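The structure under discussion is supplied below as structure tokens; questions concerning it will follow.
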Amino acid sequence: MAKKDKILVIAEPDYSPISTVARATWLAQLYDCDVHLMLADAPINVPGDGIFQSPEAQQIHDWILAEQQAMADELAMEARDRGLTVKTEILKKRPLAEAILARADKLEPRFIVKATQYHSEADRAIFMHTDWRLIRAALHPLWLVKPHTMPEKPVILCAVDPTHAHDKTGKLDQVIVDAGLSLATHANGTVLLLHTFEAMEAIGEAAKFALKPVRLPLRSLRAKVRKEHRQLLDQLATDNGIPRKNTHQLPGRPHEILPAFAHGKKADVVVMGALARWGLRRRIIGSTAEKVLDHLPCDILLVPAQ
């Protein structure tokens, strides 16, 4: 029997663990995967922990571990009742992001599934929050769960850039679209493409090549940029069998347009891409994913470039 792929789900007691495991269960059923459930509870620190640990402290330690295991088993119950194979693990190592990434390296899961919640200004400023670390470093598709019910026919919004402004190879858009189409096929969903563009940025690039100061014909340049971008978007849609009515192009900054558009289209998941910048060993999704994470009304699926 062929070995099944796995869904790695991170259940955090303080952040919608039931919804998170339910989403992982849904994905495991769609893709015929096993589930590896990691309970990321608070680390155990008991009095006397260490070489001189007292019998009482050991009893406390054992009791906490038993309670954590009971919690993990309870969370796994629904998936097991649905016939899925679920392995549970109590995550003891910290920092949390590094422990998740290390486990993912060994399991090579189809998806890493984790709840996401509002991030404070301090979290955004220092980029130390677990979600930021996973966005920047995960080498496997990262599914961030928002508290909403997944419908029978989900709307899957793929955020693409057919101009390849950051991806000179042009591969990332196809990876994004492939992920969206795969999910739509398995879940009987609908794929939408969204491309946002900043006309003035493109016009500024054109102005660099002028031999002498000239008054730029802004109106015609905007129309030219819009047309060129639309042609590239339409070609991407055509190559993947996506109807033109499901492709959308809007002027503006991605992090400003994407949340409102996702809300208006009642998107259930937004698929975005992550590019590796190996010299710095970090991600340059732009900072788009980081900027929209708190504002999207739905789940986010981040797929790394292959």
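The values are calculated or read from the model by the stated rules, or taken from the named source; none is laboratory data. The structure presented is a predicted model; accordingly, all values stated were derived computationally and were not measured. So basically every Cβ, Gly included, is an ideal-geometry build from the backbone, and we count neighbours across all protein chains shown. Ligands, DNA and RNA are stripped out before the accessible areas are found, and what is left, the full protein with its side chains, is counted by its heavy atoms. Shrake-Rupley method; radii C 1.70, N 1.55, O 1.52, S 1.80 Å.
Is there any pair linking a residue in segment 288-299 that is open to solvent by less than 20 Å² (accessible area, probe 1.4 Å) to one that is part of a strand (DSSP E or B) and of a type in the set (Phe, Trp, Tyr), with Cβ under 7 Å and at least six apart or on different chains, and which?
Hits for this filter: ASP299/TRP143.
Please work out which one of (1) surrounded by 13 or more Cβ atoms within 10 Å (Cβ to Cβ); (2) modelled with pLDDT under 95; (3) part of a loop (DSSP other than H, G, I, E, B) is the condition ARG230 fails and give its number.
With respect to (1) surrounded by 13 or more Cβ atoms within 10 Å (Cβ to Cβ); (2) modelled with pLDDT under 95; (3) part of a loop (DSSP other than H, G, I, E, B), ARG230 is out only on (3).
Condition first: of a type in the set (S, T, N, Q) and either in a loop (DSSP other than H, G, I, E, B) or open to solvent by 60 Å² or more (accessible area, probe 1.4 Å) (or both). Now tell me which residues in segment 65-111 satisfy that. Working first, answer last.
Step one: of segment 65-111, the residues of a type in the set (S, T, N, Q) are 68-69, 85, 88.
Across segment 65-111, the qualifying residues are GLN69, THR85.
Moving on. Filter segment 153-166 down to residues that are within 18 Å of the chain's Cα centre (by Cα) and either modelled with pLDDT under 85 or open to solvent by 40 Å² or more (accessible area, probe 1.4 Å) (or both), then give me how many there are.
1
Looking only at residues in segment 40-83 that are closer than 30 Å to LYS6 by Cβ and among the small types (Gly, Ala, Ser), which one is modelled with the lowest pLDDT?
So the residue we want is ALA42.
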